[in-house]
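The values are calculated or read from the model by the stated rules, or taken from the named source; none is laboratory data. Small disclaimer: the values here were computed from a predicted structure and weren't measured. As a convention, Cβ positions derive from the backbone with ideal geometry for all residues, glycine included, and neighbour counts pool all protein chains shown. Accessible surface is based on the protein model in full, side chains and every heavy atom, while ligands, DNA and RNA are left aside. Shrake-Rupley method; radii C 1.70, N 1.55, O 1.52, S 1.80 Å.
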Amino acid sequence: MSSTSQKHRAFVAEPMGEKPVMALAGIGEVLGKRLEERGFDKAYVVLGQFLLLRKDEELFRDWLKDVCGANAKQQSDCFSCLKEWCDSFL
């Protein structure tokens, strides 16, 4: 199993609620600001996009790259975080 960050483990450990977008693994201050500027200010709004893309890794990663310039590791971290959250809570 791949290792996950503290941020990832904290995120997937509980319901999402009103967590800010920067609570997502892979999303730091710079990407978070870019996402907020495009209306993705909460983690659940990014989750909505993830679900609209049918939890498809390639589509989600492409979207994240296009919308905020996330690199491959950031894309992967964010995808894994949302996927695991969905596996636990949906």
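Within region 36-50, count every residue that is without any contact (Cβ under 8 Å) to a residue 24 or more places away in the chain and under 13 Å from residue 81 (Cβ atoms). Reasoning before the result, please.
The first filter runs over region 36-50 and keeps only residues without any contact (Cβ under 8 Å) to a residue 24 or more places away in the chain, leaving 36-37, 39, 41, 48-49.
Still in the list and also under 13 Å from residue 81 (Cβ atoms): none.
So the count comes out to 0.
How many of the residues in region 38-90 are under 20 Å from residue 7 (Cα atoms) and either in contact with a Gly (Cβ under 6 Å, 6 or more places away or on another chain) or of a type in the set (Val, Ile, Thr) (or both)?
5
Tell me which of these residue 17 doesn't satisfy, since it passes every other one: (1) touching a Gly at 6+ places or on another chain (Cβ under 9 Å); (2) surrounded by fewer than 17 Cβ atoms within 10 Å (Cβ to Cβ); (3) assigned to a loop (DSSP other than H, G, I, E, B); (4) not charged (D, E, K, R).
The single condition residue 17 does not satisfy is (1).
State the number of residues belonging to region 1-35 that are without any contact (Cβ under 8 Å) to a residue 60 or more places away in the chain and over 21 Å from residue 72 (Cα atoms).
Residues meeting the conditions: 7.
If you go through region 34-50 one residue at a time, how many are in a helix (DSSP H, G or I) and either surrounded by 14 or more Cβ atoms within 10 Å (Cβ to Cβ) or under 11 Å from the mean Cα position of the chain (by Cα) (or both)?
Quick first cut of region 34-50, residues in a helix (DSSP H, G or I) only: 34-37, 43-50.
Filter once more, so that each one left must be either surrounded by 14 or more Cβ atoms within 10 Å (Cβ to Cβ) or under 11 Å from the mean Cα position of the chain (by Cα) (or both): 34-36, 43-50.
Qualifying residue count, region 34-50: 11.
Kindly evaluate residue 55 against the criterion of being touching a helix residue (DSSP H, G or I) at 6+ places or on another chain (Cβ under 9 Å) and basic (Lys, Arg). Steps first, answer last, please.
Working: touching a helix residue (DSSP H, G or I) at 6+ places or on another chain (Cβ under 9 Å): yes; basic (Lys, Arg): yes.
When the stated conditions are applied, residue 55 passes them.
What are the residues in region 51-90 that are open to solvent by less than 50 Å² (accessible area, probe 1.4 Å) and free of Cβ contacts under 8 Å to residues at least 12 places away in the same chain, if any?
53
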